[in-house]
Amino acid sequence: MARVLITGAAGAVGGYLRAGLPGLGWQIRGFDRVPGEGLATEDWHVGDIRDAEALDAACDGVDAIIHLAGIPVEAPFADILSTNIDGTYQVFEAARRCGVRRVVYASSNHAVGFTPRTELAGVDTRQRPDTYYGLSKVFGEGIGSLYADKYGLEVVAVRIGSCFPVPRTVRMLESWLSPADAVDLFRACLTTPGLRYEVVYGISANSRAWWDLAPARKLGYDPQDDAEAFAADVLMACGPLDESDPEYRYLGGAFTTHEP
Ligand SMILES: NC(=O)c1ccc[n+]([C@@H]2O[C@H](COP(=O)([O-])OP(=O)(O)OC[C@H]3O[C@@H](n4cnc5c(N)ncnc54)[C@H](O)[C@@H]3O)[C@@H](O)[C@H]2O)c1
């Protein structure tokens, strides 16, 4: 059975993957600065991604890493620099040192958050971070590309949309990634043979989506959910979006207005 190390395994997305990937043939080792649940004690490594020794111990014998650990929202630059930028460097370095074949990196739509609404946003659109947080995801995609070209790592950067049990806002009717589809997407990113470096959007098959899902489908992702099933309830609760609202105008939505 192939073994995958999940950094940030105690978090929300980590929880979905811990629940879904074992049934698809993956043995999970969790790494987080806080202890988590759902795995045997010996499969949990409690540590910080900025600690190279702890990472080396956790990488021993793994076939792939899913790197989720970090600050998932806007924060002061010093915090983003330490956790998301230095921490991500440390994870890629550990992968290189330990000979881990593949890294699937949790990037974010906020790496391209200032992309104005268009018919269909491709993954090759200019990187336009909307926050220091988004900037750290640009770094993560960049170091993934560097380590793929220079050291032969196989890297997939997943620009996750909004991964929650259900969509809660009008924007999430476009950006939602259901937990079940997240499992299928990460499965595809872990298993597709013959890739070097890929960037994909991570959303469900949402009728209202304007982010190109073709690159993810090319890796074998087969999304089953559509946020449209929740549209009536969400629109009843939130009302429609005005076209001047950043949530409507930009791929990154309200993050374009967030201050640390
Ligand atoms: N949930 C989403 O909708 C979404 C959208 C876009 C991108 N992402 C990205 O996906 C990843 C996971 O997001 P999430 O929603 O599960 O976040 P989360 O906050 O629930 O989980 C992050 C986990 O990382 C751990 N962590 C933080 N700093 C650490 C450190 N220095 N060392 C070790 N562990 C550390 C935390 O303890 C936590 O368990 C993040 O990188 C986030 O930026 C998530």
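Structure notes:
- Label-to-label distance, nm, for residues given as Asp222 and Ser207 (7 Å Cα→Cβ offset): 2.3 nm
- The label point for Ser145 and the one for Tyr248, both projected 7 Å from the Cα toward the Cβ, are 3.3 nm apart.
- For segment 1-73 and segment 142-221, distance of Cα centres in Å: 18 Å
- Cβ-based net charge around Ile203, under 11 Å, with every Lys or Arg adding one and every Asp or Glu removing one: -3
- Between amide H atoms placed 1.01 Å from N, distances below 5 Å from Tyr105 occur with His67, Val156, Ala157, Val158, all of them 5 or more places distant or on a separate chain.
- Average Cα contact separation per residue, the chain, under 8 Å, 6 or more apart, as relative contact order %: 18 percent
- Contact order relative to length of segment 1-118, as percent, for alpha carbon pairs under 8 angstrom and 6 or more apart: 26 percent
- Förster-model FRET efficiency, 25 Å R0, Leu235 and Phe77, C-beta, rounded to 0.05: 0.10
- Rounded percent of accessible protein surface that carbon and sulfur make up, the chain, 1.4 Å probe: 52 percent
- DSSP beta bridge pairing in segment 2-257, given as percent antiparallel to the nearest 5: 5 percent
- Point-to-point label distance, Ala57-Ala2, nm (Cα→Cβ direction, 7 Å offset): 2.7 nm
- Checking Cβ-Cβ separations below 4.7 Å across the chain identifies Cys163, Cys189, Cys238 as cysteines lacking any candidate disulfide partner.
- Dipole orientation for the chain: of the candidates Leu235, Met172, Cys189, Cys189 has the Cα lying most toward the positive pole (charges on Cβ; Lys, Arg +1; Asp, Glu -1).
- Extents of segment 41-181, taken as max minus min of Cα coordinates on every principal axis and listed largest first, are 44, 35, 30 Å.
- Backbone N under 12 Å from the Thr118 label point (7 Å along Cα→Cβ), restricted to segment 124-147: 124-128
- Kirkwood hydrodynamic radius over Cα pairs of the chain, then Stokes diffusion coefficient at 20 °C and 1.002 mPa s, in µm²/s: 117 µm²/s
The values are calculated or read from the model by the stated rules, or taken from the named source; none is laboratory data. Computed from a predicted model, the values in this text were never measured in an experiment. All Cβ positions, glycine included, derive from the backbone under ideal geometry; neighbour counts span all protein chains shown. Only protein heavy atoms, including side chains, enter the accessible area calculation; ligands, DNA and RNA are left aside. Shrake-Rupley method; radii C 1.70, N 1.55, O 1.52, S 1.80 Å.
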